[in-house]
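Asks: This is the structure I have questions about; it appears just below.
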Amino acid sequence: MTTSNTTVERDSPGKVMVVVAPVSHSPRSEVQNPTSPEEVAAEVLACAEAGAGMVHLHVRDARGNLTDSPDIFRRTLDLVRRKSDIVIQGSTGGTPKGGIGALSHEERAGGLLDERVEVGSLNMGSVNMGDDPYVNSGSEIRAWAALMQEKGIRPELEIFEAGMLETVRKMAAEGLLVPPFVCGVVAGLSLPATPEVLCFLKSLLPADALWGVIHHHMPNFRAEHHGPGDGGHLRAGGVRRRDSLRPRAHSQDQCGAGPKSRGGDPGAGLRDRHPR
């Protein structure tokens, strides 16, 4: 496996990275997910074979509950790395209740501690998940950002609301975040997954940002088609049909004009496929 320092390439038109999330952050009662390290690794490898370039990884214990266990996380990565160099993204997330939302901010950083983690999700603020608050305080975000800097992990900045981009600006001024940024535009949670919402949030991103669409509770790929059509990448969570990950010839630019091709290179936009 070849790794490099974090270098984002902007000269890869027509290329899209598919990011898969085979294990939901939701409580076990709400989802049907692979549970054991062997099951999760098998799902990751199947997605990598279908063209995925990065995996956003949560793990579950023997009872199917989400866990920050380093042993389970390590075992899962061991199995993945035997057959694939897919980029590993650790998570600092969870859910307000059930899930891993009751963990401390140190425990929520458990997915960043394995040296094979190259990208880390960094939620840029708090937001409501249904009727419950999903808390990501400024002090917590700063602590996770500092840990990622210390370990050489590239943060993916998760943007749920337009105001979170002001937090990005402030933390960049503090030296905790370094451009060019990798941003995940989250739709289908506090804001609906519509072309208008995606175009609005995209218009606020820095011009050199590498970005993608994250669609919560997605029933299909309709919202995700707008991201690749506008030069973004795609996170597919809970996808049951792996054929849906295979590239298509063209996708229409929804926020501008003209078609943009969707290539099949899973590492497009990130040098050597590893954005460290």
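Values in this text are rule-based calculations from the coordinates and carry no lab data. All values reported here derive from a predicted model rather than from experimental measurement. Virtual Cβ from ideal backbone geometry, glycine too; neighbours counted across all protein chains shown.
Asks: Please report the net charge: other residues with Cβ closer than 15 Å to the Cβ of S139, K and R +1, D and E -1.
Replies: Details: positive: R108, R142, K170; negative: E106, E140, E174.
In short, 0.
Asks: Could you work out how much longer the chain between E49 and S203 gets when fully extended? Use 0.36 nm per residue separation minus the Cα distance between them, nm to one decimal. Each step should come with its number before you reach the end.
Replies: Details: separation 154, 0.36 × 154 = 55.44 nm, distance 3.32 nm.
Length gained between E49 and S203: 52.1 nm.
Asks: Fully extended, how many nm does the chain gain between A172 and E150 (0.36 nm per residue separation, minus their Cα-Cα distance)?
Replies: Values: separation 22, 0.36 × 22 = 7.92 nm, distance 1.57 nm.
Length gained between A172 and E150: 6.4 nm.
Asks: Here is a further query. With Cβ to Cβ distances under 15 Å as the rule, what net charge do the other residues near R169 carry (K, R +1; D, E -1)? Provide the component values of the computation, followed by the final result.
Replies: Details: positive: R142, K170; negative: E161, E166, E174, D208.
Local charge sum for R169: -2.
Asks: In addition: Tally Lys and Arg at +1 and Asp and Glu at -1 over the other residues with C-beta under 13 Å from the C-beta of R75: what net charge comes out?
Replies: Numbers: positive: R60, R74, R81, R82, R116; negative: E38, E39, D61, D71, D78, D114.
With Lys, Arg at +1 and Asp, Glu at -1, the net is -1.
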